[in-house]
Structures are given as structure tokens and as C-alpha cells.
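I have placed the structure first, in the form of C-alpha cells, so that the comments after it can refer back to it.
The values are calculated or read from the model by the stated rules, or taken from the named source; none is laboratory data. Keep in mind that this is a model prediction, so the values were computed, not measured. Cβ atoms come from the backbone with ideal geometry, glycine included; neighbour counts cover every protein chain shown.
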Amino acid sequence: MKLKKKLNKVKIFIFARGGSQEIKNKNLIKIKNKPLIYYSIKIAKQIVNKKNIYVSTDSKKIKRIAKLSGVRIIDRPRKLATGKSPEILSWKHAVNYIQKKMGNFEIFVSLPATSPLRKKIDVINTIKKLKNKTDVVLTATEANRNPNFNMVNKKNNGFYDVIISSRRIFNRQEAPKAYDLNTVAFVSKPKFILKCKSIFDGNVDINLVDKRRSLDIDNSHDLKLARMLIK
């Protein structure tokens, strides 16, 4: 399928609740005088028409930014906007909302606000990897640590061992490749989202993204790093 035709089937969602734990009002925090959510909206507009971009939120301030940006708003119920609410439930809510209002669509894309260094090409390449037999495409980088080699956990006897210890591996080259997932982009099919309990219930593929663009802002250290890198 040609890219332009595929992009016509895409709706992009930005899930940005008002509250946050590590950084207060994280999705509104300023980087280069722009709220964090601005960067996801900016990239989304480079990919699809703004009428196909939706911000799902419980926050009045975030709704105001979305409205000024010309994108659409989904009122997220408060029960889906807590730190304990699984993200997949907000995905289901958004898919149901669109299908009831506008009918079925084919490609679901989530661009979390916490990944402001992503580029358009990262999202495009992730969308391209969604094939007929694929249910969801995640973004990742090659991991620095490996559960077969240099990641450990505590055993019942109080001592430590590598997480996967079925076969002793003595150098990194022998270890099966491991990947760190990030929040650059999530691409899936609405039908799969509605029926799954976890994104790992289906056939999962990954798109490898340059580490320089894969920062996921989760704490104050990440925020400082993002502010330096985005310059």
C-alpha cells in the first residue's frame, strides 16, 4: 500500500492527563517556551490533517491548548486519568468515541507527549511496519543491558543472579538481542485494541529509533536532558 493512501487511514491520538506523579503537570511543563504536549501536536500535523488528530484529556488547560492548535478533543473520564489507570483503557475509550461519532477507521497512532525529540520519519516508519498480520508496532532502541548477561534480580536466598540464567553467557556478543521500548510512537489496529487486554496479546513488531530521539520524560533528570537536547 502506498504511503499516502495508508496515511489517509490514520487517526493520531495524544493521551495527556492533567495529573502526574514525578513532575507536576508534566504535559504542560515548558521546553523552549512551549508546553510539552505542543511537540506531539506539531509532529502529528506534519503527518495527517488536523481534523484527524485527537487529544484525550481530563485537563481544562490541555483542552485549551488543543483547541488553539485546531485539533479535536476527547473528554477523558476522570477514572481513566489516574496514575493507576492502564493506558490501554484510554485507548479503548478513544476508539469507541471515534467509531460512535464518525464510524470505523483503520490505523490508530498514539504519540505520547513525553517524547518531544521524535521526528516525523520515526512515526512514518512505525506506521509503515503495520502489516496485515501485525497487531501493534512499538518503538525501541537496542538495550544497553541484557537480562541474559548483565541484569540481575534478588533470589529467595538473598543473593543475586542474572534474570535469565537457563544458559550461562559470558560476553555480550553471545546474548540474544534485547530492546528498550520507548514512547516515540505506538501504532495499532482499532479492532485489536478493542479486544485485547494488553498490547502484548497480539503479534508485536518494533521499529528501531535512534537513541538521540528516543528520550522518554519520566522525571526531572529526563526533563533537564530534554531541554539541553532540544536546543
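Some points to look at:
- Number of residues in the range 6-48 that are assigned to a helix (DSSP H, G or I) and either more than 18 Å from Val71 (Cα to Cα) or not basic (Lys, Arg) (or both) equals 15.
- Any hit, the range 187-194, residues being free of Cβ contacts under 8 Å to residues at least 40 places away in the same chain and not hydroxyl-bearing (Ser, Thr, Tyr): yes
- Options Tyr38, Tyr54; residue that is under 30 Å from Arg212 (Cβ atoms), assigned by TED's automatic domain parsing to the domain that holds Arg213 and touching a residue at least 40 places away in the same chain (Cβ under 8 Å): Tyr54
- Filtering the range 79-107 to residues that are crowded, with 18+ Cβ neighbours inside 10 Å and aliphatic (A, V, I, L, M) leaves Leu80, Ala81, Ala94, Val95, Ile98, Ile107.
- Qualifying residue in the range 142-164 (condition: closer than 24 Å to Ser90 by Cα and touching a residue at least 60 places away in the same chain (Cβ under 8 Å)): no
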